[in-house]
Amino acid sequence: MIGQTISHYRVLEKLGQGGMGIVFKAKDESLDRLVALKFLPSHLSDEEYGQARFIQEAKTASSLDHPNICTIHEISRTEDGQLFIAMAYYEGETLKEKIGRGPLEAAEAVNIAAQIAQGLSRAHQNGIVHRDIKPANIMVTNDRQVKILDFGLAKLADETRLTRTGETLGTAAYMSPEQIQGMKLDHRSDIFAWGVVFYEMLAGRLPFEGEYHQALMYSILHDTPPSLSSLNPNIPHELDLIVAKALAKNPDERYQQTSELVEDLQMVARHLQTGQRSENKLHASSGAVAVASTKRQTAPIFLSKKKMAVVGTFVLLMVLLIPNVQRLLDIMRTPKTKHIAVLSFANIGEAPENQTLCDGLVETLTSKLSQLEKFQGSFWVVPASEVRASKVTTASAAHQLFGANMVITGSVQRFENRLRVTMNLIDAKSLRQVASHVIDDPLTSGSVLQDEAVLKLAEMLNVELQPEARGVLMAGVTTAPGAYEFYLQGRGTLQNYDKLENINSSIELFERARNTDPNYALAYAGLGEAYLRKYQATKEVEWVKRAEENCQRALDLNNVLAPVHVTRGLLFAETGQHQEALMEFQKALEIEPHNPEAFRGRAQAFAALGEIDKAEEVYKKAIAIKPDYWGGYNDLGVFYFRHGRYEDAIPQFKNVIALTPQNAKGYRNLGSMYFSLKRNAEAIEAYQQALAIEPNYSVYSNLATLYFSEGKYGDAARMYEKALELRDTDYRVWGYLATAYKRNLDQQKAQQAYSQAIKMGEEQLKIKPNNPDLMLSLAAYYIEFGDRAKSLALVERAAASKSKEVEIMFRIGLMYEQLQNREAALKWIDEALSKGYSVAALEGQPTLADLRKDERYQRIIQKLEQNK
C-alpha cells in the first residue's frame, strides 16, 4: 500500500497496527498536509456490524473540536469498499510508549492526566462515551499536548470485543467492572479506565493484574490495589484519594462528572507547582473508596459515657437490622415474575479440569433451579442446552434472546486445598448487579458447594423454600469428600458428547464419583446418560444395557430424580421402544411438571407412534403451563413445520416475537414459513428484521435459499458466502453455496464447495449414522461428483429410516428423480404431498421441472385438489 494514492491521499509509511486497524502516514495532496489514515479491519467495516452506526458515531465525535481530542478530517472508502478514517497527524509518541520507559514524575503525570480528563469531559458533555481509554489510545505530542484517539470506534468494537479472538490482556486491563459484566455503560466507565491509566503512569504497573483473562477480570471485580503512596512515598496523598474514587467498583461511588475530576487535578497541580495546598476540599475527599494500605491519619474522637452508650446501642441495632434491611432491599429489587438464565461461569486460571467443573456446575445449578418451577408462580429457567446452543454469554443477550429478566453469572477459582465459587445475580433489563455471594469449599468433607450454592441462589432470588422444595433440591446429594467434584466434572465433560473421547472421559469421571460414594444416585444417573450417548455415537448394543443398569440403580437409590426418567425415555426412544419412552417421560413430568425435555420427548414419542394429535396436545400443554415462555411456542411451531402445517406455525412464531421482540430466531422461523408458502415479500421482510437484530448465518442462508428459488443465483451465492464468513462448519451451507455457484456457471468454485460439503458431511455421519437429513444431503453432493452408487445407497438408507417428516419424504423423492428413478420419485412426492407438504414449495424446485410435466404427477395434484 505504501506509495499508493487513495482518494487524494498518498500513502507514505506504516505507523502501526492493532485490533482497531492499520495506521499509515499519508500526504493530503489537495490540502498539502500530513494525515494519519486508519484502515478498519473487515469485521468492523462490514455491513452486518453496523457500519452506518459507526459512521454516525465517528461524525458525532469529529464535531467535538477540542484540543485534547484527535481531529477527524474525513470518513471514506477505498475503491474496493474498505472503510478508512483520515485524521490529523501528530509528531510524538503514545502514552504506552512513554510509560514503557518507567513511571512518570507526579507533576508530569498529573499534567497528562488532566488533559485526558479535559478531553473526556468535553465528550461526556456531548453524550459521547469513549469505551476504550488506554495508553495506546493516548498520543503525547512533542510539545506535550495530549490527543485522545479512536473516538467513535470504541463503541462498535466493544460490541464484539469479548466474542472475537485476538483480544489482549492489555485492553482488558482497562475495562470497568460494569464493562466486564456486560452491563450498560456510561461516562463513569471512562472515568474508571482513566483511573487505571493514571495509576499506571505513577506506579509503572497496573492496579489490577492477572496472568489470564479470567484472573485479570476477577481482580478488577474484587481486588483493591495498593495505594500509590505505599508504592512511592513521594506521591501526594491527594492522588491516592483521586485514584481511589476513580477506581470505585460501583459507578455510583466514582466521580459523577468528569469536570469534578478535572477540578481536583488542577488543585493538585497547583499544589505541586507552589507547594501550597488549596483551601478548597477535593471532590475525592467526599465518599472516596479506600485503596489498600492508604496512609491516613485520623484524629481521635472523645465521647461521654452517655453518648458512648447511645452509640453502642445504635451500632448493636444496626448489626441486628442490616441483614433484614439487605433482605428488604433485595425483595424490592427482585421482580415478582422471574425468568432466569444461568450463563457460563468464568474459569479463573484456565486449568482444563476447572473448565469442566465450571460447565458442570452451570448445568447442575440450572437443573436444580428448574425444579423450583412447580413450587413458584411465574418462574421459569432457560434450559442449559438452549443457553449453550445459542452461545449466550451476556445478560443483555439473555434478555434479548430468551426474555430473561434475571441472569446468574459467576466464576470458579481453584486453590491448593479449596475451591472458591462466586455467584452474581444481575437484573437483565437494567444490567445492574442485584446480589453476589462467594462460597469457599475446603474439599475436605462432603461438598459445601452442593449444599450451599442452589440454596443461596434461591435466597438471592428471594424464593421462599418450603420443606418439600428444599427436599427436592437436596435429593441425591453425597457426603463423601471429592464425589461431588468428580460428578460436576463429568457433567461438564458430557456436554460435548459429539466427540467419543469426551463421552469416555465423562464415564471415567462419573465412575470415580460412584466409587468414592457407592450410594451416590446422581453419579449413576450421569453414567446412565453417558452410556446412552455412547450408544448413540457407536450403535454398539452393549452400551444400551449399561445405560439401563445405571439408570435403574439411580432409581433404586432415589426414585424422585426426574432426569433419570428422562434419560430412560431417551434411551427407549433411541432403541425404537416408543411406548416405554412415553411412560418414562410421563414419570419425569409427575416429579417435575415443567421439565421441557420430558415434554419434548413425550411429544416426539407420540409422533413416532403416528399419534400426531396427541403429540400436538403435549406441546399445547407445555405452553399452558408456562404461557409466558417463548420456547413452548417455538417447539409447537417447529412441530407444525415438520408436518407441513405452515399456516398453523405462523401464529406460534409470532407469539415468540411478541414475548421476545429482539429474538432473531422468531423472525427467522416466521420468514421460513412465509417462504414455504411462497409469500416471498413477507419472507424477505422477516429475514431482514432478523438481520437487523443480529448477523446470523442461518438467516443469511435462508435468505440465500429464497434468492435461489427466484433464480437469483449470484445474490444467493453472496448470501451463502456471508453465512460462511460467520460460521464455516455447516456442511449444508457449503452444499447450498456449491449449487448456487453451479447455477451461476462457476464450475470450479462449485466443485471446491461440494468437496468441502462432502468432507464435513461424512464427519457428521460418523457421529449421526441414522440421520436421514444428513444422508440425503450427502447423496446430493455425491451426484455432483458423478458417484451415483454412493448417492443411491444413501437415499435407500434414508428411505429405510421411515421418517414421518414430510420434508424428508419430499427430499427422498427429489433425490430419486435426480437418480432417474421417476417411479420412486413420484411415490415419495405423493406421500409427502398427502401428508401436507407445500405444493407451492414443490413447484418452486427447478430440479423437478421435468417431473411436473409427467401425467402421473398431474393426477397426484388433481387428487389433492379433489380431497380439499
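The values are calculated or read from the model by the stated rules, or taken from the named source; none is laboratory data. Since this is a predicted model, take the numbers as computed values, not measurements. Glycine also receives a Cβ, built like all others from the backbone with ideal geometry; neighbour counts cover every protein chain displayed. Areas reflect the complete protein model, heavy atoms only, side chains present, ligands, DNA and RNA absent. Shrake-Rupley method; radii C 1.70, N 1.55, O 1.52, S 1.80 Å.
On average, how much accessible surface per residue is there in the stretch 456-562, in Å², for a 1.4 Å probe, leaving out ligands, DNA and RNA?
43 Å²
In what sequence, largest accessible area first, do Arg254, Arg144 appear using a 1.4 Å probe?
So the residues, ranked largest to smallest area, are Arg144, Arg254.
Based only on Cα atoms, what Rg/Rh ratio does the chain have, Rh being taken as Kirkwood's radius?
Rounded to two decimals, Rg over Rh is 1.02.
Length gain on complete extension for the stretch Gln125 to Glu97, per 0.36 nm per residue less the alpha carbon to alpha carbon distance?
Difference between extended and current length: 7.1 nm.
Rounded to the nearest 0.05, what FRET efficiency do Lys281 and Asp223 have when you use their Cβ-Cβ distance and R0 = 45 Å?
The pair Lys281/Asp223 has a calculated efficiency of 0.95.
For the stretch 365-438 and the stretch 791-868, what is the separation of their Cα centres, given in Å?
Cα centroid of the stretch 365-438 versus Cα centroid of the stretch 791-868: 46 Å apart.
Given C-alpha coordinates of the stretch 64-118, what is the ratio Rg to Rh with the Kirkwood estimate of Rh?
Taking Rg over the Kirkwood Rh, I get 1.13.
Rounded to the nearest 5, what is the percent of antiparallel bridges among the DSSP beta bridges in the chain?
80 percent
Grab the beta carbon distance between Lys853 and Glu74, set R0 = 60 Å, and tell me the FRET efficiency rounded to 0.05.
0.50
Counting alpha carbon pairs within less than 8 Å and at least 6 residues apart, what relative contact order, in whole percent, applies to the chain?
Relative contact order comes out at 6 percent.
Find the relative contact order for the stretch 426-493 and round it to a whole percent, using C-alpha pairs within less than 8 Å whose residues are 6+ positions apart.
33 percent
How high is the relative contact order of the stretch 374-443, in percent, counting Cα pairs under 8 Å that sit 6 or more residues apart?
That works out to 24 percent.
Between the DSSP loop rule and a limit of at most 14 other Cβ atoms within 10 Å, which chymotrypsin sites (Phe, Trp or Tyr not before Pro) in the stretch 719-804 are left?
Within the stretch 719-804, the qualifying chymotrypsin sites (Phe, Trp or Tyr not before Pro) (loop, at most 14 other Cβ atoms within 10 Å) are Phe785.
Accessible area, 1.4 Å probe, largest first: how do Glu416, Glu592, Glu105 sort?
Putting Glu416, Glu592, Glu105 in descending order of accessible area: Glu416, Glu105, Glu592.
To the nearest 20 debye, what charge dipole does the chain have about its Cα centre, counting +1 at the Cβ of each Lys and Arg and -1 at the Cβ of each Asp and Glu?
Approximately 840 debye in magnitude.
Please compute the length gained on full extension between Asn680 and Arg205, using 0.36 nm multiplied by the number of residues separating them and subtracting their Cα-Cα distance.
Here the answer is 165.1 nm.
Using the structure shown, list the pairs from Lys722/Lys827; Lys759/Lys835; Lys545/Lys827; Lys804/Lys863 with a Cα-Cα distance above 29 Å, or answer none.
Lys722/Lys827; Lys759/Lys835; Lys545/Lys827
Would you kindly state how much longer the chain becomes between Asp498 and Asn519 on full extension, computed as 0.36 nm times their sequence separation minus their alpha carbon distance, in nm to one decimal?
4.6 nm
Specify which residue in the list Val262, Leu239, Leu272 is farthest towards the positive end of the charge dipole of the stretch 217-277, using unit charges on the beta carbon of Lys, Arg (+1) and Asp, Glu (-1), about the Cα centre.
So the residue we want is Leu272.
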